[in-house]
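Structure first, then comments.
The values are calculated or read from the model by the stated rules, or taken from the named source; none is laboratory data. Just so we're clear, the structure is a prediction, and the values are computed from it rather than from any experiment. Cβ sites come from the backbone with ideal geometry, for glycine too, and all protein chains shown count toward neighbours. For the accessible areas, the whole protein counts, side chains as well, though only heavy atoms, and no ligand, DNA or RNA atoms are used. Shrake-Rupley method; radii C 1.70, N 1.55, O 1.52, S 1.80 Å.
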Amino acid sequence: MPTIKRQLEPVPFTAVAFNDTFWAPRIEVNRTVTIPHVYQQCEATGCISAFDLNFQRPVPTPIVLIFGDSDPAKWLEAASYSLATHPDRELEALIDRVADKIIRAQQTDGYLNTHFTVTQPDMRWRNLRDWHEMYCAGHLIEAAVAHYQATGKRELLDAVCRYADHIDAAFGREPGKKRGYCGHPEIELALIKLYHATNNVRYLKLASYFVDERGAQPHYFDLEARERGDDPANFWAKTYEYCQAQVPVREQSKVVGHAVRAMYLLSAVTDLAHENDDPSLLATADRLWDNLLTRRMYLTGGIGPSRHNEGFTADYDLPDETAYAETCATIGLIQWNQRLLQFAGDSLYADVIERGLYNGFLSSVSLEGSTFFYENPLASVGSHHRQSWFECPCCPPNIARTLASLGQYFYSTGVHDVWVHHYAQGSVQLKVAGHEVRLRQITNYPWDGDVKIEVDLHRPQTLTLHLRVPGWCEHWQLRINGAPATDLKPPVNGYLAIEREWRMGDVVDYSMAMSVQTVWAHPAVRYLEGRVALQRGPIVYCLEGVDHDGIILDRIAIDPKQVLAGGWRVEHRADLLDGVNILRGAAQVVDDAGWEGTLYRHTEPSSKEIDVTAIPYYAWDNRAPGEMRVWLRAVR
Ligand SMILES: [Zn+2]
């Protein structure tokens with residue numbers, strides 16, 4: 001039977017350095033503003049001091065307080081990543097203090113959750129459907145693995161191992177154990193990380209059990225509800241789809257329910273396909289990916305249109321103005337595609353990562369780094385703004401950990417191969433076939449598509465350099481040491497493969513043509529019929545009210561033919577929004593003269609031509625508040 005093992009090994013973020021004008025300043029803002037901000041908010045809202053176990057809470061407790069342990073855990077993970085690339089004694093001392101608090105909150109039996117230790121100790125593990133205990137455990141595990149890798153200190157790792165052992169003793173198929181699993185997937189992918197950090201195969205088996213048992217009949221959430229004396233039908237979310245537990249995942253045909261939960265579960269499913277060499281899990285991931293990508297994802301990499309279930313609805317249901325598109329869901333999408341990418345190095349997955357990173361993810365944090373979007377709509381009448389914190393604050397620490405470990409998405413290695421998935425000025429230190437290889441990218445990406453790659457190695461080495469041809473890129477050119485690469489084969493899996501004996505100082509000049517492109521949505525997306533969006537390279541653009549002098553943006557229509565004929569100018573504006581390329585072109589705007597006192601009339605309104613300015617979607621809501629719109633009316 002053919003193996004389905006991953007052929008690629010992602011290069012850790014600690015080996016990747018950015019010195020560009022796009023990501024490097026953002027990683028620095030994340031380190032100096034966002035990570036301290038998230039800490040202060042966790043402190044101010046009492047979820048760090050909660051680990052001192054001397055708080056008082058009412059019962060019933062609001063759900064957001066019940067899963068409060070997860071946010072300091074995500075902060076600890078983000079801060080540990082930051083420490084790993086940027087040594088900082090003060091931060092390390094703070095991290096160690098928080099880690100120590102967490103360790104001291106652990107009970108003698110290994111249990112580690114502040115709410116169910118202090119407020120409702122008799123309700124431990126009694127409502128896995130709603131109460132997020134294992135979700136919190138998962139984030140503590142991810143934090144502990146990051147802390148151990150950044151500092152080499154084992155205490156927190158040992159503590160979460162005792163907690164994982166406690167969970168392993170309580171849940172499973174063996175006699176005397178409960179056949180439960182968490183309503184919010186997260187612990188599964190965390191246990192796989194813990195398995196890699198400790199080599200303890202029991203954690204891998206526990207993760208496999210949680211994924212396999214989920215959705216099985218008789219349904220565990222029904223059983224535990226009856227045990228609590230509750231009616232299982234009295235479930236506020238109405239359906240276990242919300243918890244990713246309506247059927248076993250292998251029987252699922254569409255991506256459904258709560259979008260973050262779906263992404264965290266599918267990340268674990270994809271990990272387990274590799275770990276357990278399980279084609280049924282990879283087929284499941286492929287099937288659900290196909291449904292998501294062809295019917296359920298926004299142009300920005302946002303997913304989950306509905307606020308009602310924080311997630312998915314029906315195929316092609318992608319309203320722009322009311323899009324929920326939670327920040328954590330796009331982060332989960334990026335994490336999942338990162339796992340899929342490593343199997344065969346198919347650029348489709350890197351395309352999704354790029355779409356998410358430069359658009360739906362990046363929109364979630366303000367340029368100054370201290371306010372955040374929870375929801376990332378693609379149009380706004382001007383009332384949607386970033387906030388410094390949320391009652392349910394899952395997104396800000398998730399943003400912080402993603403930016404602090406951003407380099408993890410950029411490169412992979414194989415036996416005699418290097419994959420360059422993404423482009424940004426900076427360098428990477430690799431080991432291929434036992435030899436050190438250093439690559440340096442010189443580029444102004446994402447503002448232009450020219451990338452120079454300098455190869456630095458101690459002695460000549462034969463390896464294949466795979467360069468991604470992004471999905472948006474229609475033409476490219478390649479030169480090696482100044483000469484056109486004439487014998488280059490067409491891309492395989494979306495990557496140009498350059499196999500040769502590389503020598504110190506070899507230079508690849510890769511040029512991806514980057515024009516202003518129009519994007520249309522499938523006609524079944526009824527909200528977007530007759531509308532067009534603008535994209536250049538990986539960046540999706542939008543119009544913002546502040547650039548258009550009070551004109552209602554929905555009255556503006558652009559001519560797609562004019563865009564394709566090169567009628568739109570690209571201008572680099574170093575002074576605007578921390579440095580962006582803007583797009584400028586002509587548009588038609590409906591004239592509202594002569595409508596006074598009239599709601600309807602028999603004559604068509606006239607239009608006049610105006611100049612419009614499009615800015616990168618990610619940068620909206622960083623100036624005067626106002627309207628925003630990605631999908632524009634098209635002149636046809
Ligand atoms: Zn969130």
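Structural remarks
- For the pair region 595-619 / region 418-461, the C-alpha centres are spaced 47 Å from each other.
- Tensor-based shape of region 281-438 (alpha-carbon gyration tensor, a/c under 1.5 rounded, otherwise prolate or oblate): oblate
- Sites ALA624 and THR21 - FRET efficiency at Förster radius 25 Å, r taken between beta-carbons, to 0.05: 0.55
- Multiplying the residue separation of VAL201 and VAL507 by 0.36 nm and subtracting their alpha-carbon distance yields 105.8 nm.
- Taken as Cα centroids, region 90-145 and region 166-237 sit 17 Å apart, rounded to the nearest whole angstrom.
- Taken per residue, the accessible surface of region 1-79 reaches 45 Å², heavy atoms only and a 1.4 Å probe.
- Nonlocal amide H pairs with GLU544, under 5 Å, H built at 1.01 Å: ILE615
- Highest average first, the peptides 131-142, 346-357 ordered by how many other beta carbon atoms sit within 10 Å of their residues are 131-142, 346-357.
- Relative to the Cα centre, the charge distribution of the chain, modelled as +1 at Lys and Arg Cβ and -1 at Asp and Glu Cβ, gives a dipole magnitude of about 780 debye.
- Amide hydrogen neighbours beyond the local backbone of ARG536, cut-off 5 Å, H modeled: GLN517, TYR541
- Protein accessible area in the chain, 1.4 Å probe - carbon and sulfur %: 50
- Packing-based ranking of 24-36, 61-73 yields 61-73, 24-36, ordered from highest to lowest mean Cβ neighbour count within 10 Å.
- Sparse packing (at most 10 other Cβ atoms within 10 Å of the Cβ) combined with a DSSP loop state is found for the following trypsin sites (Lys or Arg not before Pro) in region 577-628: ARG601.
- Total charge dipole magnitude, region 247-313, about the Cα centre, Cβ charges on Lys, Arg, Asp, Glu only, Debye to nearest 20: 460
- Compactness of region 1-71 as Cα Rg over 2.2 N^0.38 Å, two decimals: 1.81
- Span-rule helices in the chain, defined as complete DSSP H runs reaching 20 Å or more along the axis (Cα) with Kyte mean at least -0.5: 70-85, 89-104, 133-151, 155-170, 259-275, 279-295, 327-344
- Mean Cα-pair separation over length for the chain, i.e. relative contact order, pairs under 8 Å, 6 or more apart, %: 13
- With a Förster radius of 30 Å applied to the beta-carbon distance between LYS489 and GLU571, the computed FRET efficiency rounds to 0.20.
- Among beta bridges that DSSP assigns inside the chain, antiparallel share in %, nearest 5: 90
- Charge dipole magnitude, Cβ of K and R +1, D and E -1 - region 579-627, Cα centre, debye nearest 20: 160
- Highest-first packing order for the peptide set 498-509, 314-325, 388-399 is 388-399, 314-325, 498-509, based on the mean count of other beta carbon atoms within 10 Å.
- Rounded to whole Hz, the Karplus (6.51, -1.76, 1.60) HN-Hα couplings of region 575-582, x for glycine and proline: 7, 10, 6, 6, x, 9, 8, 9
- Mean residue ellipticity, 222 nm, helices only, the chain: the sum of -39500 (n - 2.57) across DSSP H runs of n ≥ 4, divided by residue count and rounded to 500, is -10000 deg cm²/dmol.
- Three-way shape call for region 102-142 based on the alpha-carbon gyration tensor, with the a/c threshold at 1.5: oblate
- Distance from region 318-362 to region 1-48 (C-alpha centre basis), Å: 16
- Prolate/oblate/rounded label for the chain (Cα gyration tensor, a/c 1.5): oblate
- Across the cross-link table entries LYS74/LYS452; LYS101/LYS238; LYS205/LYS489; LYS101/LYS205; LYS101/LYS431; LYS254/LYS489, which are compared at the Cα atoms, the separations over 32 Å belong to LYS74/LYS452; LYS101/LYS238; LYS205/LYS489; LYS101/LYS431; LYS254/LYS489.
- Extension gain, LYS178 to GLU474, is 101.1 nm, computed as 0.36 nm per intervening residue step minus the present C-alpha separation.
- Once the Cβ-Cβ distance of GLU43 and ASP158 is raised to the sixth power relative to R0 = 22 Å, the FRET efficiency obtained is 0.30.
- Placing a label point 7 Å from the Cα of THR294 along the Cα-to-Cβ line, the residues of region 350-364 whose backbone N sits under 20 Å from it are 350-353.
- Annotation: amide H of ASP417 within the under-5 Å range of THR464, sequence separation 5 or more or interchain, hydrogens built in the peptide plane.
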